[in-house]
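> Got a structure for you, questions after.
The values are calculated or read from the model by the stated rules, or taken from the named source; none is laboratory data. All figures in this text were calculated on a predicted structure; none of them were measured in a lab. Because the Cβ atoms are built from the backbone with ideal geometry, glycine has one as well, and the counts that use them run over all protein chains shown.
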Amino acid sequence: MPDMGGSNRSAKKSYATEAARAIKYRNANLGLFEQLRGVAVVNGTVKDLSPKVKSYVEENVDLCQPEKIHICDGSETENHHLIEFMQSQGTIVNLPKYENCWLAKTNPADTARVESKTFICTEERSETIPTPKDGIKGTLGNWISPKQMDQAIEERFTGCMRGRTMYIVPFSMGPIVSPLSKIGIELTDSPYVVASMRIMTRIGYQVLQKLQESDDFVKCLHSVGTPSSGFTEMPSWPCDPERTIILHKPKENKIVSYGSGYGGNSLLGKKCFALRIGSTIAKREGWLAEHMLILGITNPQGQKRYIAAAFPSACGKTNLAMMTPSLPGYKVECVGDDIAWMRFDKNGQLRAINPENGFFGVAPGTSTKSNPIAMSTIFKNTIFTNVASTSDGGVFWEGMEDDLNPAATITDWRGNKWTKASKTPAAHPNSRFCTPAGQCPIIDPQWEAPEGVPISAILFGGRRPAGVPLVYEARDWKHGVLIGASMRSEATAAAEHKGKVIMHDPFAMRPFFGYNFGHYLKHWLSMEERSTNLPKIFHVNWFRKSSEGKFLWPGFGENSRVLDWILRRLDNEDCSTETPIGLVPSENAINLSGLDEEVDMGQLFGLSKNFWLEEVFAIEKYFKEQVGDDLPEEIRAQLKALKRRVESMN
Ligand code: OXD
Ligand code: MN
């Protein structure tokens with residue numbers, strides 16, 4: 001069986017070790033295994049668990065009462081057994097059109113992250129979220145008290161793994177040898193989660209070995225749940241949507257997730273650890289855990305730089321991370337598409353690692369036009385979830401029309417026959433590919449560098465159909481922090497709204513803050529004390545529309561023209577003009593040579609006093625209502641200064 005785990009080099013053991021594991025499985029089946037708290041350990045050895053890991057496991061074995069325990073070693077044999085088991089349960093099916101690819105279909109009630117059921121637990125509410133203005137509902141996170149958290153766990157987890165196997169997944173966020181990495185132990189009753197964690201993180205024996213040295217890990221407990229009400233289970237995808245809850249306790253580096261088997265709810269290394277708990281660790285230790293892609297870009301002179309960029313969902317983060325530049329002589333390489341952990345080294349250089357090991361990308365819209373690199377990454381060693389399938393053993397989603405075999409018939413993600421005339425989408429809008437990063441053809445040679453890659457620029461961006469120019473540069477760090485704090489983006493409206501709405505999504509972190517956003521801003525501002533060589537900050541908007549409602553900028557590979565300007569600004573080239581909102585490219589400074597279509601640069605960069613007054617007003621209102629007294633003075637002063645500059649516009 002080919003490797004599903006990307007760079008799990010530790011897992012590539014000798015034939016003899018694999019054979020020993022196979023024997024262990026056979027012994028397990030014969031009833032010859034050691035026990036932990038009276039429960040059979042069917043894989044792995046208890047002595048490999050450090051004392052702290054062992055007692056964490058014991059405590060949760062007592063609580064969840066699994067039938068078996070499986071300590072994950074990250075090996076091929078293990079993966080082979082998991083895949084076989086999931087096939088026998090009907091959780092995944094093989095996709096014979098590709099090499100080592102699998103399709104899972106979830107319960108239709110379990111298809112996305114559940115923000116309203118996601119909580120941060122602290123003694124005081126104000127540690128988790130700013131106090132909103134009277135009568136206003138806070139939107140910067142949900143708080144739960146320690147007592148309520150304990151109660152929620154007891155009610156849901158007692159005996160929740162009866163008849164199931166508890167998998168112990170030791171995982172590293174970041175390369176195992178990197179000093180910037182962190183370790184987690186996820187206890188889960190879902191083999192789908194184990195197989196996905198194997199792609200998205202570095203799992204297995206080597207991680208347990210590292211824990212013998214440091215014993216410092218984030219505790220992650222996950223169960224797909226056992227419904228106590230009338231909710232009907234799908235045997236291939238057990239879940240408990242009515243009682244789903246995702247809990248984080250930063251003080252104890254603890255994550256507890258119940259009721260959902262999917263995505264950020266269950267792959268606890270991703271949003272729960274790398275962002276929510278990660279941001280609280282980063283605050284304590286003086287670094288940044290951010291919802292950012294990382295790309296390397298080389299200019300025609302051969303000079304390479306790295307850029308980190310934060311965009312809310314549905315703004316093309318993965319596309320930018322894997323961009324094929326249209327400007328001749330440029331090359332983009334990908335370090336990560338979703339999360340960046342960044343800290344200043346002893347020379348004051350900001351360095352970033354991608355803590356993940358795979359891409360968990362949204363499938364619909366990914367196409368040979370929007371992201372040819374992703375399309376040449378994902379058709380081997382991949383677990384697809386909730387996409388449509390084709391009668392020739394492949395997958396299909398909206399955007400793949402050109403790749404479709406005309407003779408093939410399509411079954412949608414719910415298992416119904418689907419044709420182009422169908423009224424519902426073939427793939428669920430949040431359907432995903434889960435694929436090893438190491439097989440991306442433009443993965444950066446330094447993507448696993450233990451010291452991280454040096455970051456020269458930080459981009460913030462959003463989907464802004466009106467008023468916001470293609471690109472502008474912050475005047476300085478504090479102004480850049482205001483730009484991040486003021487991020488807004490067009491999102492499909494919640495069901496009760498009509499049309500599209502512009503939502504606030506500061507730093508693209510709104511669903512992922514692990515602590516009070518006001519304190520987070522203070523932390524960002526404090527970075528100024530750590531370096532005299534701070535990255536420059538920019539805001540980009542690929543989505544501005546003309547008065548006729550057409551996109552003004554072609555986007556995709558043409559965004560290299562914007563990155564070209566950014567790189568020239570990093571070289572302090574005199575190619576910018578001051579405006580009230582920041583520095584924009586001076587006339588003709590964006591290289592448009594060879595661009596197929598005419599671009600209306602006037603409309604693309606036009607600044608309207610009325611629009612920006614309204615924008616400032618919306619930001620002021622948001623800060624007043626949502627952040628209140630927690631807003632740092634420096635940000636208040638920055639906003640005031642922006643307002644004054646906008647008011648003085650003609
Ligand atoms: C993601 C998200 O899944 O941001 O990456 O929602
Ligand atoms: Mn994301």
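> Say we look at the stretch 345-369 and pick out the residues that are part of a loop (DSSP other than H, G, I, E, B), more than 14 Å from ligand 1 (Cβ to nearest atom) and in contact with a Gly (Cβ under 7 Å, 6 or more places away or on another chain); which of these is nearest to R198 (Cα to Cα)?
Per the stated criteria, the residue is N357.
> Can you say whether F460 is buried (at least 20 other Cβ atoms within 10 Å of the Cβ) and assigned to a helix (DSSP H, G or I), as far as the supplied structure shows?
Values: buried (at least 20 other Cβ atoms within 10 Å of the Cβ): yes; assigned to a helix (DSSP H, G or I): no.
Against the criterion (buried (at least 20 other Cβ atoms within 10 Å of the Cβ) and assigned to a helix (DSSP H, G or I)), F460 does not qualify.
> Additional query: Can you find a residue that is at pLDDT 95 or above, buried (at least 24 other Cβ atoms within 10 Å of the Cβ) and in a strand (DSSP E or B) anywhere in the stretch 189-211?
Yes: the stretch 189-211 contains one or more residues that are at pLDDT 95 or above, buried (at least 24 other Cβ atoms within 10 Å of the Cβ) and in a strand (DSSP E or B).
> Take the residues of the stretch 608-634 that are aliphatic (A, V, I, L, M) and touching a helix residue (DSSP H, G or I) at 6+ places or on another chain (Cβ under 9 Å): which is surrounded by the most Cβ atoms within 10 Å (Cβ to Cβ)?
If we take residues in the stretch 608-634 being aliphatic (A, V, I, L, M) and touching a helix residue (DSSP H, G or I) at 6+ places or on another chain (Cβ under 9 Å), then V627 is surrounded by the most Cβ atoms within 10 Å (Cβ to Cβ).
> Based on this model, can you work out whether G263 counts as in contact (Cβ under 8 Å) with a residue 60 or more places away in the chain, at positive phi and within 16 Å of ligand 1 (Cβ to nearest atom)?
For G263, the condition - in contact (Cβ under 8 Å) with a residue 60 or more places away in the chain, at positive phi and within 16 Å of ligand 1 (Cβ to nearest atom) - is met.
> Just the residues that are under 21 Å from E473 (Cβ atoms), within 13 Å of ligand 2 (Cβ to nearest atom) and in contact (Cβ under 8 Å) with a residue 60 or more places away in the chain, please, taken from the stretch 298-319.
Listed by number, the residues that qualify are A309, A310, F311, P312, C315, G316.
> One residue is enough: does the stretch 274-291 have a residue meeting the conditions part of a strand (DSSP E or B), at pLDDT 95 or above, within 16 Å of ligand 1 (Cβ to nearest atom) and closer than 22 Å to G159 by Cβ? Before you say what the answer is, go through the steps one by one.
Within the stretch 274-291, the first condition is being part of a strand (DSSP E or B), and the residues that meet it are 288-290.
From the residues that got through so far, the ones that are at pLDDT 95 or above too are 288-290.
This time we only want the ones that are within 16 Å of ligand 1 (Cβ to nearest atom), so: 289-290.
When the remaining residues are screened for being closer than 22 Å to G159 by Cβ, the result is none.
No, that holds for no residue.
Here is a yes/no grid of residues against (1) within 15 Å of ligand 1 (Cβ to nearest atom); (2) in a strand (DSSP E or B); (3) on the phi > 0 side of the Ramachandran plot:
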| site | (1), (2), (3) |
| --- | --- |
| I246 | yes, yes, no |
| K251 | no, no, no |
| L267 | yes, no, no |
| L293 | yes, yes, no |
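> For the stretch 438-484, give me each residue that is free of Cβ contacts under 8 Å to residues at least 60 places away in the same chain and acidic (D, E).
Across the stretch 438-484, the qualifying residue is only D476.
> Looking only at residues that are in a helix (DSSP H, G or I) and among the aromatic types (F, W, Y) in the stretch 547-579, which one is nearest to Q303 (Cα to Cα)?
W565
> If you take the residues in the stretch 295-344 that are among the β-branched types (V, I, T) and within 13 Å of ligand 1 (Cβ to nearest atom), which one is nearest to L470 (Cα to Cα)?
Among those that are among the β-branched types (V, I, T) and within 13 Å of ligand 1 (Cβ to nearest atom), it is T318.
> Ok, one more. Picking from T280, T226, which residue would you name as being among the β-branched types (V, I, T), under 22 Å from V114 (Cα atoms) and in contact with a Pro (Cβ under 6 Å, 6 or more places away or on another chain)?
None of the other options fit; the residue is T280.
> Then there's this: Let me confirm something: among C272, C239, which residue is crowded, with 24+ Cβ neighbours inside 10 Å, of a type outside the set (D, E, K, R) and over 18 Å from the mean Cα position of the chain (by Cα)?
One residue alone meets the criteria, C239.
> All but one of (1) modelled with pLDDT under 95; (2) of a type in the set (S, T, Y); (3) under 25 Å from H519 (Cα atoms) hold for S229, so report the exception by its number.
(3)
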